[in-house]
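See below for the structure under consideration.
The values are calculated or read from the model by the stated rules, or taken from the named source; none is laboratory data. Worth saying up front: this structure is predicted, and the values here are computed from it rather than measured. Positions of Cβ are backbone-derived with ideal geometry, glycine not excepted, and every protein chain shown enters the neighbour counts.
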Amino acid sequence: MEIKTGEYNVWNEGSTIHYEGTLRLSGTDAYQPILELMQAVLAEKPQNMVLDLTQLEFLNSSGINLLAKFTIELRKHPELPVKVLGSTRIPWQSKSLPNLQKLHKGVELVIT
Amino acid sequence: MKQFGDIARHNPAGAFAMRLVISDGPLGVSWQHASETCEFLGDAFALHHAKSGADYNEARHAIVYLVNELLENAIKFRVPGAIRVDCSLASGNFELTVSNDTAEDVALRFQSLIEEITSRDPGELLIERIEANAADETSSASGLGLLTLMNDYGARLGWDFRTSTSGAAVTLSTHAALTLN
């Protein structure tokens, strides 16, 4: 599955979801196709799940809310290992991604 | 006239400063203008800030995020009319004011939201509102952008509501300040 525009790409390779570019959509409705892609990966009942954000240069607060909502969905699967990958090169990730761990203690956050 | 939060401006008259006006237009066009405006201001102010040896990347990102969030709100909640953007930087203190006209009922609802999100620790409120929003499919997640600014970026925010010059709407000026490292 892949959602590709001039500004961002979101795609999955197995149960790893990759995000790339700049995501600055106007609200919950605009983010719905991306949420559906994420939910479709979860519906496959994977052994683990990885959200790879290391190429996502910008995410607005509506997008951060999308990640938060999905993290709350993941909480309903306590047996599923979840890893969120970030980059120290991209400042929003060190600032905002720790909030996901507050929502779901099972999230392993790796920012390198 | 009604004011909330921290509206004091500290940068002196000689500070590095810019004023931009985003003209009214369709949502898609305005959204694109907001995106270009925040990238431009992020670049210009971070370059200026980095002259003192500070981290360009950190400063640029914080400015882009702040300007983008306030412009998104202005575009979503304005009545037809321009959005004015004023920014200045002195001694690592970045100040931004975004002004636009909004409908009176929207302004009143926003005032209640401001009272709520400024009443307690923004970190706790951010998590509580995310949880509430996830439980309610119809929620618009309002306030989350402002809470991320306060909690994740340490932004100091203030709001000033006045009757617009035409008398038909409310002029809202949102003030923000960030300490750049």
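Can you pull out every residue in segment B:79-93 that is in contact with a Ser or Thr (Cβ under 7 Å, 6 or more places away or on another chain) and surrounded by fewer than 22 Cβ atoms within 10 Å (Cβ to Cβ)?
If the condition is that a residue be in contact with a Ser or Thr (Cβ under 7 Å, 6 or more places away or on another chain) and surrounded by fewer than 22 Cβ atoms within 10 Å (Cβ to Cβ), then B:V79, B:A82, B:R84, B:D86, B:G92, B:N93 are the ones that fit.
Which condition does B:S119 not pass, out of (1) modelled with pLDDT of 95 or more; (2) more than 18 Å from the chain's Cα centre (by Cα), if it passes all the others?
Among (1) modelled with pLDDT of 95 or more; (2) more than 18 Å from the chain's Cα centre (by Cα), B:S119 violates only (1).
Consider B:E131 carefully, then state whether it is surrounded by fewer than 18 Cβ atoms within 10 Å (Cβ to Cβ), in a loop (DSSP other than H, G, I, E, B) and within 13 Å of chain A (Cβ to nearest Cβ).
Numbers: surrounded by fewer than 18 Cβ atoms within 10 Å (Cβ to Cβ): yes; in a loop (DSSP other than H, G, I, E, B): no; within 13 Å of chain A (Cβ to nearest Cβ): yes.
The answer is no for B:E131.
Assess whether A:V82 counts as being away from chain B (no Cβ under 14 Å) and either of a type in the set (V, I, T) or touching a Cys at 6+ places or on another chain (Cβ under 7 Å) (or both).
Details: away from chain B (no Cβ under 14 Å): yes; either of a type in the set (V, I, T) or touching a Cys at 6+ places or on another chain (Cβ under 7 Å) (or both): yes.
When the stated conditions are applied, A:V82 passes them.
Here is a check on your reading of the model: is B:F45 within 22 Å of B:H10 (Cα to Cα), more than 14 Å from chain A (Cβ to nearest Cβ) and part of a helix (DSSP H, G or I)? Outline the logic, then answer.
Numbers: within 22 Å of B:H10 (Cα to Cα): yes; more than 14 Å from chain A (Cβ to nearest Cβ): yes; part of a helix (DSSP H, G or I): yes.
Judged against the criteria, B:F45 is a match.
Got a sec? Which of B:T97, B:T163 is away from chain A (no Cβ under 11 Å) and touching a His at 6+ places or on another chain (Cβ under 8 Å)? Spell out the reasoning first.
Working: B:T163 fails: touching a His at 6+ places or on another chain (Cβ under 8 Å).
The match here is B:T97.
Aliphatic (A, V, I, L, M) and within 9 Å of another protein chain (Cβ to nearest Cβ), is that true of B:L144? Even if it seems obvious, please write down each step before you answer.
On the way: aliphatic (A, V, I, L, M): yes; within 9 Å of another protein chain (Cβ to nearest Cβ): yes.
Yes; evaluated as a whole, the condition is true for this residue.
When both residues are 6+ apart or on different chains and their Cβ atoms are under 9 Å apart, which pairs have a first residue that lies in segment A:16-33 and is touching a residue at least 12 places away in the same chain (Cβ under 8 Å) and at positive phi, and a second that is among the charged types (D, E, K, R) and assigned to a strand (DSSP E or B)?
Final answer for the pair search is A:G21/A:E57.
Pick out the one residue from B:D24, B:D86 that is assigned to a strand (DSSP E or B) and over 18 Å from B:T148 (Cβ atoms).
B:D86
Taking only segment B:48-67 into account, find how many residues are away from chain A (no Cβ under 13 Å) and either in a helix (DSSP H, G or I) or buried (at least 20 other Cβ atoms within 10 Å of the Cβ) (or both).
Of the residues in segment B:48-67, 3 are away from chain A (no Cβ under 13 Å) and either in a helix (DSSP H, G or I) or buried (at least 20 other Cβ atoms within 10 Å of the Cβ) (or both).
Would you confirm, using the coordinates I've provided, whether A:V41 is crowded, with 16+ Cβ neighbours inside 10 Å, more than 22 Å from B:A132 (Cβ to Cβ) and within 14 Å of the chain's Cα centre (by Cα)?
On the way: crowded, with 16+ Cβ neighbours inside 10 Å: yes; more than 22 Å from B:A132 (Cβ to Cβ): yes; within 14 Å of the chain's Cα centre (by Cα): yes.
Against the criterion (crowded, with 16+ Cβ neighbours inside 10 Å, more than 22 Å from B:A132 (Cβ to Cβ) and within 14 Å of the chain's Cα centre (by Cα)), A:V41 qualifies.
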